[in-house]
Amino acid sequence: MQTSSADVGLGSYRDNLAALQGAQKPPRGTAAYSRHVNRPVARRVAAFLRQFGVTPNQATAISATFSATGLVLLAVMRPSPLLGLVVAVLLAAGYVMDSVDGQLARLAGTGSLSGEMLDHTVDCVKTLTLHLAVLISFFRFPPIDSDAVLLIPLGFQVVDMISFFGLVTMPLLRKLHGAVAPATPTQAPEHPLRRWILLPTDYGTFCWMFVLLGFPMLFLTAYTAMFIINAAVLVPVLIKWSRELRGLDRRG
């Protein structure tokens, strides 16, 4: 979690919101849901919670609780429209709070390496267990009469873990080499459709896909499509990262 010179006082909701609006991560490269829904909602939640002295680590714990509750329900309960809605809401709420912790750190100027490690650890556990919960659900309540369906969440888990590892590691490697991320203000403007094209890779989109849980074939189709798209997107991303790192190596 990065910090700024934001006011460390508790402040009012309006003061906190105004401070946060000037201390946001660059939106470039962010998918539409995260950019237009999750971050704006998290900014308002953070401004509200800051009035009561909620810390970034407490926000991380709340995020983990929402996500864990949703995943446990997914794994142990028979799929139904109501369960799908509950799971989707809990996962989406966990995603909001996952952004709130960073917003609070910037607002209060209390970011720390231990807090960042906690945040990444919770994200890693969530990434691992999410597809395991789907796997358990498919095993206990098969959407189709074939064990082959169990390979889909296993493959999706591999794809997501590779993506997560790269997204955490690349900024660290750039920092170690004194480099900056490729997206800089000197680059050409971002294509207006890019944020929408990236929607299938957005975790927020994935959260709301669970509203289809009560309709087994629809959910299986959507989940499989998300797996295929994310796997396909990962290939050029890995190539891009590899080229960038080779360039850093050449520059010493």
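The values are calculated or read from the model by the stated rules, or taken from the named source; none is laboratory data. What you are looking at is a predicted structure, and each value in this text was computed from that prediction instead of being measured. Cβ: placed from backbone, ideal geometry, glycine included. Neighbour counts: every protein chain shown.
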Under 6 Å between Cβ atoms, which residue pairs at least 6 apart in sequence (or on different chains) link something in region 109-132 that is within 30 Å of Pro153 (Cβ to Cβ) and touching a residue at least 60 places away in the same chain (Cβ under 8 Å) with a partner that is part of a helix (DSSP H, G or I) and among the small types (Gly, Ala, Ser)? Val122/Ala64; Lys126/Ser67
Return the only residue of Val54, Val100, Val87, Val37 being surrounded by fewer than 22 Cβ atoms within 10 Å (Cβ to Cβ) and part of a helix (DSSP H, G or I). Val37
Please count how many residues of region 141-174 are among the charged types (D, E, K, R) and touching a residue at least 60 places away in the same chain (Cβ under 8 Å). 2
Helices (runs of 4 or more DSSP H) contained entirely in region 131-249, each with at least 1 residues that are surrounded by 14 or more Cβ atoms within 10 Å (Cβ to Cβ), modelled with pLDDT of 95 or more and charged (D, E, K, R): 151-176
